[in-house]
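Reading through the structure tokens given below for one structure.
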Amino acid sequence: MARNIQSLERAAAMLRLLAGGERRLGLSDIASSLGLAKGTAHGILRTLQQEGFVEQDTASGRYQLGAELLRLGTTYLDVHELRARALVWTDDLARSSGESVYLGVLHQQGVLIVHHVFRPDDSRQVLEIGAMQPLHSTALGKVLSAYDPVAHSEVLEADRKPFTDRTVCEPEAFEHLLDLTRARGYAADVEETWTGVASVAAPIHDRRRMPVGAVGITGAVERVCRDGELRPELIAAVRDCARAVSRDLGAGRF
């Protein structure tokens, strides 16, 4: 019988420890929990960190699971399944809101539009399935950046250029927007990407409660906003749609 490789067993145990305990653990905690010498534990952590499986908080020195491990863990909900689960709910959202509905996923430091429901009127519209949207300025992108650690890392590394004078580009202000998005459960884009256009989006989760996409509506500012604020009934409709798709993917109640 082939012998197990001890270093791999220790690395696996370390990842399970980080996944099951507190959000961040110090070197001493990790070493003592696994019965390892500090030097041995540090060597394994350093290797895992280099591969992106572990991240170290610069302020506290503590360790947590890294974005690359989360990417492997969520790779990849089949886009066809996501679209199939969302079809009925996005059609209902377009009818109830009177606006265009978009379903987006993270792709190459941007948002890939995988489903688009036209605004239910007789206006001329262009199908945008396959189009890319920026992460930092759109409502879909901000939702993904707020809830998906991989998207968060990518948006911070990307060139966050201004599209209008409302686009938030500075790191501190942008992080505040993401905090606000997580607190409210939705993201807004009021003329941050396109002048005269407003959007609102909410996250979609799978059965593991991992973010797998975002759904949102987009329309003219005068329709989506009232007195300079997003219309509450539209926010509620988008969030209800996101919850419904998430439930169909097995996420349960949020």
Looking only at residues in segment 118-176 that are of a type outside the set (K, R), within 18 Å of V224 (Cβ to Cβ) and open to solvent by 50 Å² or more (accessible area, probe 1.4 Å), which one is farthest from the chain's Cα centre (by Cα)?
D121
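In segment 141-168, what residues are of a type in the set (D, E), part of a loop (DSSP other than H, G, I, E, B) and closer than 30 Å to F53 by Cβ?
D148, D159, listed by residue number.
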Give the number of residues within segment 201-230 that are over 23 Å from A84 (Cα atoms), open to solvent by less than 60 Å² (accessible area, probe 1.4 Å) and not in a helix (DSSP H, G or I).
4
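Filter the helices (runs of 4 or more DSSP H) completely within segment 26-140 down to those with at least 3 residues that are modelled with pLDDT of 85 or more.
Correct list: 27-34, 38-50, 79-97.
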Yes or no: segment 237-245 includes at least one residue that is more than 14 Å from W89 (Cβ to Cβ) and either in contact (Cβ under 8 Å) with a residue 24 or more places away in the chain or over 21 Å from the mean Cα position of the chain (by Cα) (or both).
no
Scan (1) within 22 Å of C169 (Cβ to Cβ); (2) open to solvent by less than 10 Å² (accessible area, probe 1.4 Å) for the single condition A242 breaks and write down its number.
(1)
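Report whether or not V200 is closer than 22 Å to A94 by Cα and at pLDDT 95 or above. Give the derivation first.
Details: closer than 22 Å to A94 by Cα: yes; at pLDDT 95 or above: yes.
The answer is yes for V200.
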List the number of the failed condition for R208; all other conditions in (1) closer than 19 Å to W89 by Cβ; (2) of a type in the set (K, R); (3) touching a residue at least 40 places away in the same chain (Cβ under 8 Å) hold.
(1)
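Among the residues of segment 156-166, write down those that are out of contact with any Cys (no Cβ under 8 Å at 6 or more places or on another chain) and modelled with pLDDT of 90 or more. Give the derivation first.
Our first condition is that a residue be out of contact with any Cys (no Cβ under 8 Å at 6 or more places or on another chain); within segment 156-166, this holds for 156-159, 163-166.
Those that are out of contact with any Cys (no Cβ under 8 Å at 6 or more places or on another chain) and modelled with pLDDT of 90 or more: F163, T164, D165, R166.
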For segment 94-117, which residues satisfy the criterion of being open to solvent by 40 Å² or more (accessible area, probe 1.4 Å) and among the charged types (D, E, K, R)?
R95
List every residue pair whose Cβ atoms sit under 6 Å apart, with the two residues 6 or more apart in sequence or on different chains, where the first one lies in segment 134-162 and is more than 14 Å from A202 (Cα to Cα) and the second, anywhere, is of a type in the set (D, E).
S137/E192
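Determine if segment 103-121 includes at least one residue that is free of Cβ contacts under 8 Å to residues at least 40 places away in the same chain, within 16 Å of I204 (Cα to Cα) and touching a Phe, Trp or Tyr at 6+ places or on another chain (Cβ under 6 Å).
First, the residues of segment 103-121 that are free of Cβ contacts under 8 Å to residues at least 40 places away in the same chain: 107-108, 110, 112-113, 115-118, 120-121.
Then keep just the ones that are within 16 Å of I204 (Cα to Cα); that gives 107, 112-113, 115-116.
Checking which are touching a Phe, Trp or Tyr at 6+ places or on another chain (Cβ under 6 Å) leaves us with 113, 116.
Yes.
The values are calculated or read from the model by the stated rules, or taken from the named source; none is laboratory data. Because the structure is predicted, anything quoted here is derived from the model rather than measured. Positions of Cβ are backbone-derived with ideal geometry, glycine not excepted, and every protein chain shown enters the neighbour counts. The protein model used for the area step is the full one, side chains on, heavy atoms only, and it has no ligands, DNA or RNA in it. Shrake-Rupley method; radii C 1.70, N 1.55, O 1.52, S 1.80 Å.
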